[in-house]
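Structure, as structure tokens:
The values are calculated or read from the model by the stated rules, or taken from the named source; none is laboratory data. As the structure is a computational prediction, the values presented were derived from the model and not from experiment. We place every Cβ from the backbone using ideal geometry, glycine too, and count neighbours over all the protein chains shown. These area figures cover heavy atoms from the full protein model, side chains too; ligands, DNA and RNA do not enter into them. Shrake-Rupley method; radii C 1.70, N 1.55, O 1.52, S 1.80 Å.
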Amino acid sequence: MTKLLVANWKMNKNEIEVKDFFTDFLPKYSHKRSAWIAPQAIHFSLVHQLGQTKGVKAGLQNCSENLSGAFTGEISPRTFKEMGGDFVILGHSERRQLFQETSKLLNAKVKTALKEGLKVIYCVGETLPEREAMQTLSIVGDQIHQGLNDMTEASAENLIVAYEPVWAIGTGKTATPAQAQEVHAFIRGELKKKFPAFGEKVQLLYGGSEKPDNVEELLGQKDIDGGLVGGASLKAQDFLALCGDK
Ligand code: PEP
């Protein structure tokens, strides 16, 4: 399976910086690995337009669990899909921690976005105190079972899961390949219980201070099918290296 690298640009880059990124990125991008980018929502059309010349998919970092109506400031997954949107990241730890998104709410978002035909990258991961208390697998297991509750195997077809230990996000501390592989294997096992055939092939991404100098070892693990990348995706040269194009 081709590895997938997803850039989460968070609330970074102005229009000129977006254009500069593509000027540097596109000529060297060779599709060794698939590259997807989630810019600020306001830059979706720009990224979609620039990326489609080389098949770089554009996505959102969040969306509503509703399709339309009186929800000031929200983005409808249906409208996004109609505009050519490909994917949405849901349950990022910043959404869980800063915006109080619960796995129950995320379950509604995941199901709505999948129903609208979007690919969903559902994020899970433990905090440092949870890891130190040896709760990693129970926390991640709860996030999987609550966030993906009440779904059929067919409805999960466009689901991707990202394991992002919260203590590794933006901190420079990366999970060791063995730590990441252990949790990825656990997640695949839990998904196989819910979706026996799909769980076998579901793409599992690792996220947390992934960089050119640690990506190969992480992607070399059996159950790591790609990466969800924050900081290192902002520079074209680094994201190219993550995509296997040095
Ligand atoms: C992220 O925010 O999803 C992330 C993985 O960030 P970073 O790569 O900067 O740790």
Could you give the Stokes-Einstein D for the chain in µm² per second, using the C-alpha Kirkwood radius, 10 °C, 1.306 mPa s? 88 µm²/s
HN-Hα J couplings of region 148-153 from phi, Karplus 6.51/-1.76/1.60, θ = phi - 60°, integer Hz, Gly and Pro as x? 10, 5, 6, 10, 8, 4
Sorted by chain and then number, the residues having a modelled amide H within less than 5 Å of the amide H of residue 89, at least 5 places away or on another chain, are 60, 61, 62, 121
So for 19, 32, 109, what's the accessible-area order with a 1.4 Å probe, most first? 32, 19, 109
Accessible area per residue, 1.4 Å probe, Å², for the chain: what's the number? 45 Å²
List the residues whose amide H sits under 5 Å from the amide H of residue 125, counting only those 5 or more places along or on another chain, with H placed 1.01 Å from N in the peptide plane. 164
Give a quick list of chymotrypsin sites (Phe, Trp or Tyr not before Pro) in region 23-98 that DSSP marks as loop, anything other than H, G, I, E or B, with at most 15 other Cβ atoms within 10 Å. 71
Residue separation between residue 152 and residue 102 times 0.36 nm, minus their alpha-carbon distance, gives in nm 15.9 nm
Restricting to DSSP H runs of at least four residues, report the calculated mean residue ellipticity at 222 nm for the chain, -39500 (n - 2.57) per run over all residues, nearest 500 deg cm²/dmol. -11000 deg cm²/dmol
Please figure out what share of the DSSP beta bridges in region 33-132 is antiparallel and state it in percent, rounded to the nearest 5. 0 percent
Diffing region 22-36: the Karplus 3J(HN,Hα) column from phi (6.51, -1.76, 1.60, θ = phi - 60°), in whole Hz with x for Gly and Pro, holds 5, 4, 7, 7, 4, x, 9, 6, 10, 6, 4, 10, 7, 10, 10
Sum up the charges of everything whose Cβ sits under 13 Å from the Cβ of residue 138, counting Lys and Arg as +1 and Asp and Glu as -1, but leave residue 138 out. -3
Determine the share of region 4-242's accessible area contributed by carbon and sulfur atoms, expressed in whole percent, with a 1.4 angstrom probe. 53 percent
Nearest-0.05 FRET efficiency for residue 72 and residue 222, computed from C-beta distance (R0 51 Å): 0.65
